[in-house]
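To keep things clear, I will list the structure first and then write my remarks on it.
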């Protein structure tokens, strides 16, 4: 669970942390890594940040709604406040997610 270890490293972007843009896409990849993106963001490493889970949960408390999402899943929503849709990651998403977690851009 995301909220079980406040020091767990989370991959996200500058706009999610510093500009507090709403998170609309969350990956929990098969390796157990979590990644958080705002609307229109890609997995480009130049905008990536590594933060502690507690920081994401403090800045974006609605993430608690999907904190128990199992590995290999992605959660999306249209905008802040709308319902999360959780689904199994497609093979391409899994590859992109792993590349970002390793610091590599998939493009």
#### Entry: Pair residue 62, residue 85: separation of 7 Å Cα→Cβ label points (nm)
1.5
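Mind ranking 78-84, 54-60 by how tightly packed they are, going by the mean number of other C-beta atoms within 10 angstrom, highest first? Before the final figure, lay out each step's value.
Values: 78-84: 10.6, 54-60: 16.4.
By packing density, highest mean first, the sequence is 54-60, 78-84.
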### Query
For labels at residue 50 and residue 31 in the simple 7 Å Cα→Cβ model, what's the distance in nm?
1.1
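Taken together, the values in this text are just the output of simple stated rules run on the coordinates, not laboratory data. Computed from a predicted model, the values in this text were never measured in an experiment. Here the Cβ is made from the backbone with ideal geometry for all residues, glycine too, and neighbour counts use every protein chain on show.
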